[in-house]
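Here the structure comes first, spelled out in structure tokens, and everything after it is commentary.
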Amino acid sequence: QVQLVESGGGLVQAGGSLRLSCAASGRTFSSYGMGWFRQAPGKEREFVAAISWNGGSTYYGDSVKGRFTISRDNAKNTVSLQMNSLKPEDTAVYYCARNSWGSNWLLQNAYGYWGQGTQVTVSS
């Protein structure tokens with residue numbers, strides 16, 4: 001059973017930074033791509049960023065390009081999301097997920113395991 005546990009969320013002022021982390025259980029972490037999604041109140045869950053199994057490829061949603069950076073440490077079974085220049089519209093619950101196919105990075109259906117989420121609130 002794969003477990004994903006997010007941490008690092010909190011309250012930050014606009015323009016500030018936060019770093020989210022996702023710790024994964026299991027021995028197969030390094031075999032799978034990982035992604036981050038977010039869901040704001042009253043809105044659908046949206047793609048934020050993804051990274052391939054070896055970190056060689058990264059993908060970003062248009063709204064976070066140039067501000068967010070995804071990375072991973074396969075030795076520690078963790079994936080991180082560095083969020084800079086945060087805006088109030090970044091306020092959401094952020095979810096870590098494991099990609100099952102190594103493709104279709106933007107599609108929620110491509111992710112078979114999800115964490116419980118961590119709240120990020122950006123004040124104006």
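Some points to look at:
- The Cβ shell under 14 Å around S123 holds other residues with a net charge of -1, Lys and Arg each +1, Asp and Glu each -1.
- Alpha-carbon centroid distance for the pair the stretch 1-48 / the stretch 58-92, whole angstrom: 8 Å
- Structural size metrics of the stretch 1-115, computed from C-alpha coordinates, are Rg and Dmax of 13.1, 38 Å.
- Within the stretch 48-86, none of the chymotrypsin sites (Phe, Trp or Tyr not before Pro) combine a DSSP coil assignment with at most 12 other C-beta atoms in a 10 angstrom radius.
- Per-atom-type breakdown for the chain gives carbon and sulfur 46% of the accessible area (1.4 Å probe, protein chains only).
- The chain - accessible surface per residue (Å², probe 1.4 Å): 52 Å²
- Qualifying trypsin sites (Lys or Arg not before Pro) for the stretch 1-47 [loop in DSSP, other Cβ within 10 Å: at most 11]: R27, K43
- Between the amide H of R72 and those of S80, distances stay under 5 Å, these residues lying 5 or more places away or on another chain, with hydrogens modeled in the peptide plane.
- Magnitude of the charge dipole for the chain, about its Cα centre and with charges confined to Cβ atoms of Lys, Arg (+1) and Asp, Glu (-1), is about 200 debye.
- Summed side-chain charge close to V79 - residues other than V79 whose Cβ falls under 13 Å, Lys, Arg +1, Asp, Glu -1: +2
- Ordering of 9-16, 73-80 by packing [mean C-beta count within 10 Å, highest first]: 73-80, 9-16
- Other residues whose C-beta falls under 14 angstrom from the C-beta of L18 contribute a net charge of +2, scoring Lys and Arg +1 and Asp and Glu -1.
- Mean separation of Cα contacts under 8 Å (6+ apart) over length of the chain, as relative contact order %: 35 percent
The values are calculated or read from the model by the stated rules, or taken from the named source; none is laboratory data. A quick note: this is a predicted structure, and the numbers were derived from the prediction, not measured. FYI the Cβ positions are ideal-geometry reconstructions off the backbone, even for glycines, and counts take in every protein chain you see. Heads up: the accessible areas ignore ligands, DNA and RNA and are worked out on the full protein's heavy atoms, side chains in. Shrake-Rupley method; radii C 1.70, N 1.55, O 1.52, S 1.80 Å.
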